[in-house]
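Notes follow the structure.
The values are calculated or read from the model by the stated rules, or taken from the named source; none is laboratory data. Predicted model, so just to flag it, every value in this text is computed and none were measured. Ideal geometry is used to build each Cβ from the backbone, glycine not excepted, and the neighbour counts take in all protein chains shown.
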Amino acid sequence: DVKVTQSSRYLVKRTGEKVFLECVQDMDHENMFWYRQDPGLGLRLIYFSYDVKMKEKGDIPEGYSVSREKKERFSLILESASTNQTSMYLCASSFGGPGTEAFFGQGTRLTVV
Amino acid sequence: AQTVTQSQPEMSVQEAETVTLSCTYDTSENNYYLFWYKQPPSRQMILVIRQEAYKQQNATENRFSVNFQKAAKSFSLKISDSQLGDTAMYFCALSQGAQKLVFGQGTRLTINP
């Protein structure tokens, strides 16, 4: 089975902290994605990556950065956490090519206090 | 820009009934893919069904089927003989070219015993 693993299920951080959310996939997928999920807004794309060391901004990249040093790992970084970044964060991966299924991690519920 | 709209924030039906979830979308492309994803209380997002826009035939997966109306840009999901395990958030999503998904706001479906 494809597995996408996010390092934490729940996380509480203080305002101004630098926060790292880690995601690892075990299916040699080219594509990896970070989404943010908020009630009434669905999932919104923060950043995505098509290959190692490659990244592209999604729809809401402000306040975030990413790192992909290895194919299987995609990290989301909150440079200076703020309370409006309290949310559910979902990582996903997929093979390259159109219409391929995305596989999701179980999400990290981040609370910034 | 691509957009996906789900106009039903919540729905509730009795077990064994049939339920239809609505989704409309907007894209300027001719070649794209549409998806329904399910997120149960466990938070693990899984693919329910996929439709390729150039295929006129509606996709089906066991109790799940879609009504794809390309001209109207409508993509509804029908769940027949609903089961308690169908209780979840359902997200409609669109992808084209770059494989990144654009999601709707979600519909929370509750199946009552």
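Observations on the model:
- Scanning the range B:7-18 for residues that are under 14 Å from the mean Cα position of the chain (by Cα) and either in a loop (DSSP other than H, G, I, E, B) or buried (at least 20 other Cβ atoms within 10 Å of the Cβ) (or both) returns B:S7, B:Q8, B:P9.
- Taking the criterion of being crowded, with 20+ Cβ neighbours inside 10 Å and more than 8 Å from chain A (Cβ to nearest Cβ), the residues of the range B:38-47 that qualify are B:K38, B:Q39.
Condition check ((1) assigned to a loop (DSSP other than H, G, I, E, B); (2) more than 23 Å from A:Y89 (Cα to Cα); (3) charged (D, E, K, R)) across all residues:
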| position | (1), (2), (3) |
| --- | --- |
| B:S28 | yes, yes, no |
| B:K38 | no, no, yes |
| B:P41 | yes, no, no |
| B:A72 | yes, yes, no |
| B:L77 | no, yes, no |
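- Residue list for the range A:20-54, restricted to those being surrounded by fewer than 21 Cβ atoms within 10 Å (Cβ to Cβ), within 14 Å of the chain's Cα centre (by Cα) and farther than 29 Å from B:Q6 by Cα: A:F20, A:E22, A:V24
- Of the criteria (1) of a type in the set (D, E, K, R); (2) modelled with pLDDT of 95 or more; (3) closer than 27 Å to B:R108 by Cα, which one A:D59 fails: (2)
- No other residue among B:E52, B:E61 is surrounded by 13 or more Cβ atoms within 10 Å (Cβ to Cβ), among the acidic types (D, E), more than 17 Å from A:A92 (Cβ to Cβ) and free of Cβ contacts under 8 Å to residues at least 40 places away in the same chain apart from B:E52.
- Pair list, Cβ under 7 Å, 6 or more apart: the range A:24-48 residue without any contact (Cβ under 8 Å) to a residue 12 or more places away in the chain, other residue not in a strand (DSSP E or B): A:G40/B:Q105; A:L41/B:Q105; A:G42/B:G104; A:G42/B:Q105; A:G42/B:G106
- Elements of the type strands (runs of 3 or more DSSP E) sitting completely within the range A:27-113 and holding at least 3 residues that are within 14 Å of chain B (Cβ to nearest Cβ): these cover A:31-38, A:42-49, A:87-94, A:108-112.
- When residues of the range A:76-85 are limited to those that are over 20 Å from B:M45 (Cβ atoms) and of a type outside the set (D, E), the one surrounded by the most Cβ atoms within 10 Å (Cβ to Cβ): A:A81
- Scanning the range B:68-110 for residues that are farther than 19 Å from B:P41 by Cβ, surrounded by fewer than 13 Cβ atoms within 10 Å (Cβ to Cβ) and in contact with a strand residue (DSSP E or B) (Cβ under 9 Å, 6 or more places away or on another chain) gives B:Q69, B:A72, B:A98.
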